[in-house]
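Asker: One structure, pasted below without further comment.
The values are calculated or read from the model by the stated rules, or taken from the named source; none is laboratory data. None of the values given here were measured: they were computed from a predicted structure. Note that we place each Cβ from the backbone using ideal geometry, even for glycine, and neighbour counts take in every protein chain shown. SASA here: full protein model, heavy atoms, side chains in, ligands and nucleic acids out. Shrake-Rupley method; radii C 1.70, N 1.55, O 1.52, S 1.80 Å.
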Amino acid sequence: MLLIACPWCGERDETEYHYGGQAHVAHPADPAALTDAEWGEYLFVRANPKGDFAERWLHSAGCRRWFNVVRHTVTHDITAVYPAGQARPDAHTEVTA
Amino acid sequence: MTADSLAADNRAVDRLAHLRRSPLGGLADRLAAGSAPGPRGVRLREIPYLAQLNLRLDPIGPAARRVAEALGTPLPDRTASVTVTGALRVLWLGPDEWLVVGPDGTAPGVEQTLRQVLGDEPGSLVDLSANRTTLELSGPSARAVLEHGCSLDLHPRAFGPGHCAQTTVSKVQVILDQTDAEPTYRLLVRASFARYLADWLLDAMSESTP
């Protein structure tokens, strides 16, 4: 089980959380202007890195706040936890899909 | 809500009081039978009908200051802490969310006061008294019983009186509030989960009771 440190509540078991998928997927500024392919890309296509991955988590059994976690998809090492809306702290080392 | 309509509401509630049933009202005898005094004892009881008001507002806005003045205590701004004012306990639930817990019958009065001081500021105040009931687990073995199903560090160095937490006990979502160092814990649990949690606690307590 992962031990995830909620920015508000501290370290809690993974079972208190819900997973929210890839973080920092920006909503298109003008959705109506997108082609079907671009809209499909926004809705469904996500990075699938072997390495550090920024993802959203919800502390659903605790403070019910969304926040972001950088987790290594192979080792499960969590290297960063930061509130929703903040930029990824280690963005320069981003691993591409 | 005006004072007149509040009084009328209270009279209507008083007339219906004999019809109220708490989620664990039928379990009182079993809770008492499962409790034991003594140096390794543990006691469990239901505290029904506590007033619970969920308060959400900007923690650094003017409304927060006015609410703190009206309550007579600052809103707890530290994670998982509780402030006490008279009979009311203010529990931290989130960075902009609190639960005001008071004795049975205090909800309408507190709601009226807070709604007035909230004024036109953005925020919300919801009476959730019927959402949860309260189990009180106390006695020297209370922590050991709770640790059977709660992964939180409840050791006095990490968790003590004045601390609260939203977590899970035996997979049930609860608000855990430690009221004294004996230790005594209050577990605020949703009504439909109360029976299961009480049964689970009684089972966990059987190790500590003769």
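Asker: Suppose we filter the stretch A:1-33 for residues that are in contact (Cβ under 8 Å) with a residue 24 or more places away in the chain and within 24 Å of B:V172 (Cβ to Cβ); how many remain?
Answerer: 13
Asker: Could you list, in sequence order, the residues of the stretch A:6-26 that are under 16 Å from B:D153 (Cα atoms), under 16 Å from the mean Cα position of the chain (by Cα) and open to solvent by 40 Å² or more (accessible area, probe 1.4 Å)?
Answerer: A:E14 - this is the single residue of the stretch A:6-26 that is under 16 Å from B:D153 (Cα atoms), under 16 Å from the mean Cα position of the chain (by Cα) and open to solvent by 40 Å² or more (accessible area, probe 1.4 Å).
Asker: Same structure, new question: Looking only at residues in the stretch B:68-85 that are open to solvent by 70 Å² or more (accessible area, probe 1.4 Å) and closer than 17 Å to B:P161 by Cβ, which one is nearest to the other protein chains (Cβ to nearest Cβ)?
Answerer: Among those residues, the one meeting the criterion is B:R78.
A quick yes/no check of all residues on (1) under 19 Å from the mean Cα position of the chain (by Cα); (2) more than 22 Å from B:A204 (Cβ to Cβ):
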residue: B:R11; (1), (2): no, yes
residue: B:L16; (1), (2): no, yes
residue: B:G26; (1), (2): no, no
residue: B:L31; (1), (2): yes, no
residue: B:R45; (1), (2): yes, no
residue: B:L50; (1), (2): yes, yes
residue: B:L55; (1), (2): yes, yes
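Asker: Right, something else. Scan B:R143, B:R186, B:R195, B:R190 and give me the residue that is modelled with pLDDT of 95 or more, open to solvent by 40 Å² or more (accessible area, probe 1.4 Å), charged (D, E, K, R) and in contact with an Asp or Glu (Cβ under 7 Å, 6 or more places away or on another chain).
Answerer: B:R186
Asker: Being in contact with a Phe, Trp or Tyr (Cβ under 7 Å, 6 or more places away or on another chain) and either surrounded by 20 or more Cβ atoms within 10 Å (Cβ to Cβ) or more than 30 Å from A:W8 (Cβ to Cβ) (or both) narrows it down to one of B:L53, B:L99, B:L91, B:L19, so name that one.
Answerer: Residue meeting the stated conditions: B:L91.
Asker: Of the residues in the stretch B:151-210, how many are aliphatic (A, V, I, L, M) and part of a loop (DSSP other than H, G, I, E, B)?
Answerer: 4
Asker: Let me ask you something else. Of all residues in the stretch B:152-177, count the ones that are open to solvent by 70 Å² or more (accessible area, probe 1.4 Å) and within 11 Å of chain A (Cβ to nearest Cβ).
Answerer: Of the residues in that region, 2 qualify.
Asker: In chain A, which strands (runs of 3 or more DSSP E) lie fully inside it and hold 2 or more residues that are of a type in the set (D, E) and away from chain B (no Cβ under 14 Å)?
Answerer: Per the criteria, A:52-58.
Asker: Which members of the stretch B:56-67 meet the condition of being farther than 13 Å from B:R115 by Cα and either open to solvent by less than 70 Å² (accessible area, probe 1.4 Å) or touching a helix residue (DSSP H, G or I) at 6+ places or on another chain (Cβ under 7 Å) (or both)?
Answerer: B:D58, B:P59, B:G61, B:P62, listed by residue number.
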